[in-house]
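One structure is given here, and the rest of the page talks about it.
What follows draws every value from the coordinates through simple rules; no lab data is involved. The model shown is predicted, which means the values in this text are computed figures rather than measured ones. FYI the Cβ positions are ideal-geometry reconstructions off the backbone, even for glycines, and counts take in every protein chain you see.
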Amino acid sequence: MFRLQLLSPTVWNKKAFGLALILCLASAIDVFGQSIERSFPASGKVSISITNRNGRVSVIATDDEKQVVVQATSAGAPIEPGDVRTNGKGGVMEIDVRARREQDRIDLTVRVPSRSRIHITSDAGAVDVVGDVEFAEVQTNTGTIHADVPLDKLNFNFLWRASRPRYLSDAELPKVKEKAGGMFAIAGNLSPDKIAKSKNKKWLLLRKKAPVDPQAVRLDFRTDRGVILLNVDPSMVPSDLRERPLTEAARAIVRSGDAPLIDAIRKVSPKLFGDYAKTLPPPEREPTLKQSAAPGRLVAAVAPQLMRLHASVTDRNGRAIANLDATDFTVWENGVERRVTSVVTTSEPFNLVLLLDVSGSVEERIDFIRKAARDFLGTASPQDRIAIISFRDDIQVISDFSTDRRLLSKQLDEIDAGGATALYDSVAYVLSTTLRRLRGERTAIVILSDGDDNKSFIPLPALLEATIESGALIYPLYVPSGLIPETSVAKPENTIDPLRTRYLTLTTRAEEDGHKLATASGGVYYPIHRLEDLQRAYNDVVAQLRTAYTITYASNSNPTERRVRVRANRDGAAVRLGPVVGVATP
């Protein structure tokens, strides 16, 4: 019997629950699509074979499930009864999904009891196996295979039949073995007596020889050219999955002690990460340049009953709003409205990092990059301290913080270009090293780039978390190579396509990533569509940095933790609170 229904599955742990809920909701949010569900009683051991050539398959095993529930969804054409065929009885079932056009594809979410046996065949569709299954056999062509299963008793065999391995794992896996016919394999098992703990993180190490435990999870994954993920959030997959030597940016991030960023690097190159980590001395207390408020501290005392905080105010388009006074702000402390005693424009200088993309896509346009950087030096306020860092597949520190514009301009001649684009690693390097010692001060990053990240160890979600915690403002300026004029290149006839000298469409991912970085930090994203947009963006960035306010308000209590909320009394205005610079005492 068919029923139309949206479900929120209960799964074997919180992590699996979150994934299952996302999968179900993501597959059913299109109001023009359809969700059809079938339920089957399960007796004894459950064994299910699923064939879905071009749709997604998500199997979720839970202790609470006592039956097999099959939910089929499509964002395209309605699902007909014959599109999803089910056969079998008792605990043995076959599910066959009819292949349809990509826009009409059918995705499956199948909930089964724990310790079920699963067999899945797909071509290009992604496959998820979540929970305590007894055995999961998955075959794909190019589809990603993602498993989120208990790791304490795990036996696995991963095989790539037509490409070198691409994989990411939360546990350290053995070396890849090359087999006859150009195939590659990773096989072994994990056991509970090889678990070490560090900062609440389980580090699971391979035990080379061990009998298969009857309660173990067994995974047999075979793919032609797909990616295999073992207990890794698919959104946390970096641009390049190949295990490779750590770059200087990656090594600096490891030395910084930033645990989430370090863990992302470990997963990409576990052995080389481990070799490098062993060479490091025990961490020392981090030096500071001045007495600063703790990261995240928003208010400081300036008198027995007066508190101070910093705020920036933007309109619906993300542009700074100037000329506000005390009557334009309302402050609540622990849910109680407080009297605003004064509002002044913040005039303290910024610590600015100019982050320049010099990857291969701009190699023959390096003169333009230098000119663009020098234009920004001339636009920024003279009191701002500026550091310059270029990046390609690794970072190059051009200059540390300085107010000497002549020196900074001269240092731009040291830029080397060429190679891949490791944007996320470069921003993570700036946050975890260059700006880390300045937390509590006013900091910002201006990014001049022309494309997508394709070489970083750090995935975007991890970078966004680090951005939020840093307190630094980020202003991404995406300048497509096609906007760079022929006059900036020695031999334009060899390097510039005449049809692209003025416009180049920004890629969807570059634009989306730029928006996310700016939003997470409180900065603004600038898509540069015309050459004249670049200077306007520079002017606006400087105006954004200068248009900030120091608000003093009357506090009637002395709580150990203050919850402060500020509203700007302007239509469409948004307020972002920044960390306090220094700690003032009465």
**Q.** Sequence-distant residues sharing a close amide H with Thr247 (under 5 Å, placed H)
**A.** none
Q. Amide H neighbours of Arg338 under 5 Å, counting only residues 5+ apart in sequence or on other chains, H built in-plane at 1.01 Å?
A. Val331, Trp332, Glu333
Q: Quote to one decimal, in nm, the extra length available between Ala77 and Asn454 on full extension: 0.36 nm per residue of separation minus the C-alpha distance between them.
A: 132.2 nm
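Please give the length that would be gained between Glu532 and Thr330 if that part of the chain were fully extended, namely 0.36 nm times their separation in residues minus their C-alpha to C-alpha distance (nm, one decimal). Could you put the intermediate results ahead of the total?
Working: separation 202, 0.36 × 202 = 72.72 nm, distance 3.83 nm.
Extra length from Glu532 to Thr330 when fully extended: 68.9 nm.
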Q) What is the distance, in nm, between label points placed 7 Å from the Cα along the Cα-to-Cβ direction at Thr519 and at Lys175? A) 4.5
Q) What length, rounded to one decimal in nm, is gained on full extension from Thr403 through to Arg255, with 0.36 nm per residue of separation minus their alpha-carbon distance? A) 50.5 nm
Q. How high is the FRET efficiency from Lys410 to Asp375, r the C-beta distance, R0 22 Å, rounded to 0.05?
A. 0.90
Q) What distance in nm separates the simple spin-label points at Arg164 and Arg570, each placed 7 Å from Cα in the Cβ direction? A) 5.3
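Quick one: of Lys153/Lys177; Lys177/Lys516; Lys66/Lys267; Lys179/Lys271; Lys177/Lys278; Lys153/Lys278, which pairs are farther than 32 Å apart, Cα to Cα?
Lys177/Lys516; Lys66/Lys267
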Q. So if we plug the beta-carbon distance of Asn323 and Val302 into 1/(1 + (r/R0)^6) with R0 = 25 Å, what FRET efficiency do we get, rounded to 0.05?
A. 0.60
Q. What's the FRET efficiency of His119 with Lys66 using the Cβ-Cβ distance as r and R₀ = 25 Å, to the nearest 0.05?
A. 0.75
